[in-house]
Amino acid sequence: MWNDFLHKGLVSCSINFYKGEIITMQTTLDVSGMTCGHCESAVKGALEELEGVQGVEVSLDTGKVTVIYDESTDIEAMREAVEEQGYDVVV
Ligand SMILES: [Cu+2]
């Protein structure tokens, strides 16, 4: 299951366990087209609205967007949220 996410263009994925249970997961999306602070906040805001997302960190320089989320978050929804803002998730 987790390997599937990696094949969908997600750069890395790590899972944090607490007492044997998954509490949060973290993944890094490679997003192209972000050029300024407005882009950064558009992407960040769109991802933060998704169910289960706990935190979003955007690096404009590298285009890397790190998302911390839990099991209620739909991975495909992350991609769609970014694309709806007009940016591409690089595969
Ligand atoms: Cu911009």
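A few points about this structure:
- For the range 76-89, Karplus couplings with θ = phi - 60° (6.51, -1.76, 1.60), whole Hz, Gly/Pro x: 5, 5, 4, 4, 4, 4, 5, 5, 4, 7, x, 10, 9, 8
- Residue 16-residue 90 FRET efficiency (beta carbon distance; Förster radius 30 Å; 0.05 resolution): 0.75
- Residue 61-residue 30 pseudo-label distance in nm [points 7 Å out on the Cα-to-Cβ vector]: 1.8
Read-outs throughout are calculated quantities, based only on the coordinates presented, and are distinct from any laboratory measurement. Note that the structure is a prediction, hence the values are computed from the model and not measured. Cβ: placed from backbone, ideal geometry, glycine included. Neighbour counts: every protein chain shown.
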